[in-house]
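Presented below is the structure to which this report refers.
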Amino acid sequence: FIIILFSLQSQAQNWIEPVDIFHMGGLNHDPSFCIGPNGHIHCVWSQWYNVNYGIIFYSKSIDNGYSWSIAENISQNVEGSAKLPHIVSDSDNNVHLTYDFDWGYKRIQYRMFNGMSWSETINLAQAMPYSKSNKIFVDHNDRVYCFWYSGPCFYRYMENEIWSDILCSYDSIGYYGFNNCVIDLENNLHWIGVHSVESQKESVTKATYFYYDYENDQWGDFVDFGEGRSLRGTDIDIDQDEKLHIVWQEFIDQGPDPSLSITNYNFQDENGTWSAPEYLGEAFGNQRIIIDNHNQPNIFHFEIFDDSANIVHLYRYNSNWTSSIITIEKHPGDFEVLEANDQIYMVLQEYQNDDPPYTAEIKFTKTDLIDEINDGEQVDDFNISPNPSSHHINISFQLNSAEKVSIMVYNLQGELIKTLLNESKPSGNHQLIWNAKDEYGREVKSGLYLVRLQTDHHVQTQRVEYMR
């Protein structure tokens, strides 16, 4: 596929020290949060005691995330598995919650919190015994939607406290699933998810865009992205011009080796046409996107540094990309992000130990939006010459302090061509040469390549053209 090249520069960000939302031990999963019009932050998550028993907790903050209320058990189940909670707020500061519940058969549970008390629990899926993977959203008219998977994807919506009948979005044969949704000013729903596409050899689950026309009550055609398979790492947002931006995970087949997982980004132009995908690096999941109030995309995903997971924040400024690594004391797990009040908010799962029995806590952090990028703040002076080149390629960089450094060469499909460096280096100037050969000593083909420098705190990528 076609890739628009980019460069990554360093930009320090000041995320606050993660605040404990829940600190009672155990294995806590699936954080979800929302911010009401009154500024209160509401958070839910599931605590697993074993594979067959889990409960849903709720906490809120009224001081912009610095302190949180005592966690409340809101699923109130003594048996069964309550998991995958999702939460939204309407314009009256009512909080709406859905979650999966498995006790004999799978169902979709709903509760509403009016600021004083929680409503009775309702099973939205009714007699559908295999319902799971709920999602809940609220539009600009306070219509509340709940979607779930049970073969096809089904949904209901609530208006004036009355739930609709169970509806089916697409009744086509084959798997498809909705992951995340954004709602435009006309209350149309724009979804990013996955869809099984039948090929000559096998079924491939691709990242897919879905559309619901609110006025005409109609679902539009699928739009599939990429060639490789995709899973849950998909997200969508909308900018001030009502144009869509998506980020999605794609697995690239490398033959006998494990598939390479990468992050791609697309956006709509002024005509509503989707751009070619931009390759944003190797990453193994939890892709998230926020279009901030400067109309710029902020993208988050997991990357592996030194055999451990790190949350990386990518931000586009003047057609370039800057990146920063969000420092987490231990091991980050699932996370969600929101933008409000010129800040980015994050709720995340933090694993406390490396070996079973695993424990994980739910934490909150935030940072100010990036207003501008100062090129003079770059940590590494990263240069490639000559470029283009028909022979050896010189790579130089400067470190302000001792750091672990890796330099790798990729082709435009995100496949690793050559590891040039992967070791600790002292501060100062450093140089090395790429002889335009791959890991097997074969000269590479003529074309464009990506040279990616990665340190403990940031990532930079530059393109180089090689001509045989």
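The values are calculated or read from the model by the stated rules, or taken from the named source; none is laboratory data. Source: prediction; values computed, not measured. Here the Cβ is made from the backbone with ideal geometry for all residues, glycine too, and neighbour counts use every protein chain on show. Side chains included, ligands, DNA and RNA excluded: accessible areas come from the protein's heavy atoms. Shrake-Rupley method; radii C 1.70, N 1.55, O 1.52, S 1.80 Å.
Estimated at the nearest 10 Å², the accessible area of residue 308 is 40 Å² with a 1.4 Å probe. Applied to segment 99-110, the Karplus parametrisation 6.51 cos²θ - 1.76 cosθ + 1.60 on θ = phi - 60° returns per-residue 3J(HN,Hα) values of 7, 7, 9, 10, 8, x, 8, 8, 9, 10, 9, 10 Hz, with x for Gly and Pro. The string of couplings for segment 66-79 from the Karplus curve (6.51, -1.76, 1.60, θ = phi - 60°) is 7, 9, 9, 5, 4, 4, 10, 6, 10, 8, 6, 9, 9, 9 Hz, one whole number per residue in order, with x for Gly and Pro. Each other residue within a Cβ distance under 12 Å of residue 99 adds +1 if Lys or Arg and -1 if Asp or Glu, for a net charge of +3. Segment 401-468 and segment 59-81 have their alpha-carbon centroids 46 Å apart. Positive contributions from Lys and Arg (+1) and negative ones from Asp and Glu (-1), summed over other residues with Cβ under 11 Å from the Cβ of residue 336, come out at -2. The portion of the accessible surface of segment 25-142 made up by carbon and sulfur, rounded to a whole percent, is 53 (1.4 Å probe; DNA, RNA and ligands excluded). If the segment from residue 116 to residue 293 were pulled out straight at 0.36 nm per residue, it would be longer than the present Cα-Cα gap by 60.5 nm. The residue among 124, 454, 328 whose Cα reaches farthest toward the positive pole of the charge dipole of the chain, with charges on the beta-carbon of Lys, Arg, Asp and Glu, is 454. Per residue, the average separation of C-alpha pairs within less than 8 Å and at least 6 apart gives the chain a relative contact order of 13 percent. Applying 0.36 nm per residue to the separation of residue 391 and residue 24 and subtracting their alpha-carbon distance, the gain on full extension is 126.2 nm. Dipole magnitude for segment 272-366: about 360 debye, using +1 per Lys or Arg Cβ and -1 per Asp or Glu Cβ, origin at the Cα centre. The order of 106, 363, 243 by accessible area, most exposed first and with a 1.4 Å probe, is 106, 243, 363.
Residues whose amide H falls under 5 Å from that of residue 153, counting only those 5 or more places apart or on a different chain, are 169, 170, with hydrogens built in the peptide plane.
Relative to the Cα centre, the charge distribution of the chain, modelled as +1 at Lys and Arg Cβ and -1 at Asp and Glu Cβ, gives a dipole magnitude of about 1160 debye.
Measuring only protein heavy atoms, the 1.4 Å probe finds residue 250 accessible over about 0 Å². If you take all other residues with their beta carbon under 14 Å from the beta carbon of residue 123, and give Lys and Arg +1 and Asp and Glu -1, the sum is +2. With R₀ fixed at 25 Å, the C-beta to C-beta distance from residue 270 to residue 383 puts the FRET efficiency at about 0.10.
Spacing of the modelled spin labels on residue 238 and residue 429, each 7 Å from Cα toward Cβ, amounts to 5.3 nm.
Relative contact order for segment 414-468: 27 percent, from Cα pairs under 8 Å spaced at least 6 residues apart, divided by residue count.
Extending 7 Å from Cα along the Cβ direction at residue 330 and again at residue 127 yields two label points whose distance is 4.7 nm. Close amide H contacts of residue 298 (hydrogens built in the peptide plane, cut-off under 5 Å, sequence separation of 5 or more or a different chain): 290, 291, 292. Considering only 444, 401, 226, and ranking their Cα positions along the charge dipole of the chain that arises from unit charges at the beta-carbon of Lys, Arg, Asp and Glu, the one farthest toward the positive end is 444. Taking all protein chains together, 424, 61 sort by accessible area into 424, 61, largest first [probe 1.4 Å]. Computed log10 I(q)/I(0) for segment 71-184 at 0.10, 0.18 Å⁻¹: -0.28, -0.93, from the Debye equation with unit scatterers placed on every C-alpha and solvent omitted. Each principal axis of the Cα atoms in the chain has its own extent, and those three values, largest first, are 70, 49, 43 angstrom. Quick one: which residues, 5 or more positions from residue 77 or on another chain, have an amide H under 5 Å from its amide H? H modelled 1.01 Å from N in the peptide plane, none for Pro or chain starts. Long-range HN contacts for residue 77: 56. Remark: the chain carries 46 Å² of accessible area per residue (probe radius 1.4 Å; ligands, DNA and RNA excluded). The listed residues 331, 23, once ranked by accessible area (1.4 Å probe) with the largest placed first, stand as 23, 331.
One chain, two ends: residue 415 and residue 211. Fully extended at 0.36 nm per residue, the span grows by 70.2 nm beyond their Cα-Cα distance.
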